[in-house]
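Have a look at the structure below before the remarks.
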């Protein structure tokens with residue numbers, strides 16, 4: 001998460017907050033222009049002459065904030081009507097060509113928890129056990145491939161520092177991202193509010209209006225409440241599976257190929273971008289980087305499964 005050395009400007013607050021903030025700013029501008037300025041400047045002849053242009057600026061700022069508030073209100077109202085849980089509908093970029101005819105979607109198996117160890121064999125359909133078996137880097141690749149299948153241009157970083165997000169979403173050839181994506185491949189513990197706050201910090205710093213946080217598991221209650229009051233959509237593993245199931249059958253198979261091509265269970269080193277090797281560290285089974293000791297990345301195993309980063 002990048003650290004900022006300044007407080008956000010009023011314009012940044014209006015553009016990145018929910019509609020009540022923008023509406024409040026509009027009211028403040030109107031009050032300043034119609035009440036405060038006349039009272040403050042009427043006593044001085046020189047400053048009184050500046051009152052008309054300053055009032056005009058106040059009205060212009062208030063009108064702009066009002067437009068932003070109305071736009072955000074309509075967007076949130078529309079999003080609230082179309083979202084259906086379980087299976088949150090993820091966003092779709094406008095298609096450049098006519099959309100292909102959708103083939104019948106299958107119903108993926110989505111067990112509530114992983115009860116059996118995953119057997120490495122070519123899977124024939126999506127399931128929560130498969131989603132939880134792929135390593136953390138492959139999970140990020142699946143999420144990126146999903147957004148690309150929805151006509152977004154999703155740019156990711158292969159390895160090393162990622163600037164606080166795992167992907168940036170673009171419409172067509174637009175130079176500025178319209179959304180940012182963060183992933184957490186945790187199977188057992190829920191994602192808390194701290195990583196979601198960090199995503200909002202990146203959005204504010206980069207002036208991006210929408211964030212998507214994808215997890216293989218669930219989110220804490222605090223994280224859900226925080227995301228609901230900010231332009232962040234939380235996507236659980238079951239949500240992602242339900243969204244994939246609504247795609248055409250060929251698109252589902254393409255995403256399945258992305259998830260299972262090659263070695264999709266051995267974790268990747270986040271620093272070097274290569275597959276880790278099995279080691280015993282402190283008497284415990286773990287994955288370690290083959291560049292050790294230059295790279296000291298290690299991931300311990302828990303109950304026979306890889307502890308995802």
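The helices (runs of 4 or more DSSP H) located wholly in the range 130-243 that include 2 or more residues which are closer than 30 Å to residue 298 by Cα and at pLDDT below 95 occupy 136-149, 193-206.
Scanning the range 201-232 for residues that are buried (at least 21 other Cβ atoms within 10 Å of the Cβ) and in contact (Cβ under 8 Å) with a residue 60 or more places away in the chain gives 203, 212, 214, 216.
Scanning the range 249-285 for residues that are surrounded by fewer than 18 Cβ atoms within 10 Å (Cβ to Cβ) and assigned to a strand (DSSP E or B) yields 275, 277, 278, 279, 280, 281, 284, 285. Evaluated against (1) at pLDDT 95 or above; (2) part of a loop (DSSP other than H, G, I, E, B); (3) surrounded by fewer than 14 Cβ atoms within 10 Å (Cβ to Cβ), residue 293 falls short on exactly one condition, (1).
The values are calculated or read from the model by the stated rules, or taken from the named source; none is laboratory data. The shown structure was predicted, so the numbers you read here are calculated from the model rather than taken from an experiment. Here Cβ is always computed from backbone atoms with ideal geometry, including for glycine, and neighbour counts include all displayed protein chains.
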